1. If the label point is 7 Å along Cα→Cβ of Phe40, which residues in the range 81-109 have backbone nitrogen under 20 Å from it?
2. Pulled fully out, how much extra length does the chain show between Gln22 and Arg116, if you take 0.36 nm times their separation in residues and subtract their Cα-Cα distance?
3. Of the trypsin sites (Lys or Arg not before Pro) in the range 56-117, which ones lie in a loop per DSSP and count no more than 13 other C-beta atoms within 10 Å?
4. Tell me what the chain gives for mean residue ellipticity at 222 nm when only DSSP H runs of n ≥ 4 count, each as -39,500 (n - 2.57), the sum divided by the residue total, rounded to 500 deg cm²/dmol.
5. Residue-wise, which Karplus ³J(HN,Hα) couplings in Hz belong to the range 36-44, taking 6.51 cos²θ - 1.76 cosθ + 1.60, θ = phi - 60°, and x for glycine or proline?
6. Taking amide H positions as placed in the peptide plane 1.01 Å from N, state which residues far from Ala113 in sequence (5 or more) or on other chains have amide H under 5 Å from it.
7. Which is farthest toward the positive dipole end of the range 10-114 among Gln65, Ser103, Gly86, measuring Cα position about the Cα centre, with Cβ charges +1 (Lys, Arg) and -1 (Asp, Glu)?
8. Rounded to the nearest 20 debye, what is the charge dipole size of the chain about its Cα centre when +1 sits on each Lys and Arg Cβ and -1 on each Asp and Glu Cβ?
Amino acid sequence: MSTSYPYPTLDTHGYQLAVVEQGQAAHVLAAPLPPEEERFAAKPGDMVKLIFEYREVLKGAGSGQEFGAEHMWVEIADYGEGCLVGRLESSPQYTKLLKSGASVAFHPMHIIAFWRE
């Protein structure tokens, strides 16, 4: 991870994290986007959902559908240099670039949902 840009990029990692703004949320999310205040208050121990976008699109088995992104859960583990750092809790279905347990650096604006018990 670069200290100048700690987040994954398509060129370097083969995936990136989507930033969803309040105005876009209704078009891309099934549930309301948390307010910015809540996203910026995220802390270690919180379980958050991020959108992972892939450079290489995968075709679904049997359906012929193409998948270039998926929503996955990440547990925030720590604060990084200019970012949050978490552990991927989901099992990726549309890429071999990531595995459950992988470390992911992200910004509060990448958060699209919080896990509510």
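What follows draws every value from the coordinates through simple rules; no lab data is involved. The structure displayed is predicted, hence computed values, not measured ones. Counting neighbours? That spans all protein chains shown, and the Cβs are built from the backbone with ideal geometry, glycine included.
1. 81-85, 106-109
2. Numbers: separation 94, 0.36 × 94 = 33.84 nm, distance 2.01 nm.
Difference between extended and current length: 31.8 nm.
3. Lys96, Lys99, Arg116
4. Numbers: 3 runs with 16 residues, N = 117.
It comes out at -3000 deg cm²/dmol, rounded to the nearest 500.
5. So the J values, rounded to whole Hz, are 4, 4, 6, 4, 6, 8, 4, 9, x.
6. Residues meeting the criterion, in which the H sits 1.01 Å from N, are Lys49.
7. Gln65
8. Details: 9 positive and 15 negative charges, 68 e Å.
Here the chain has a charge dipole of around 320 debye.
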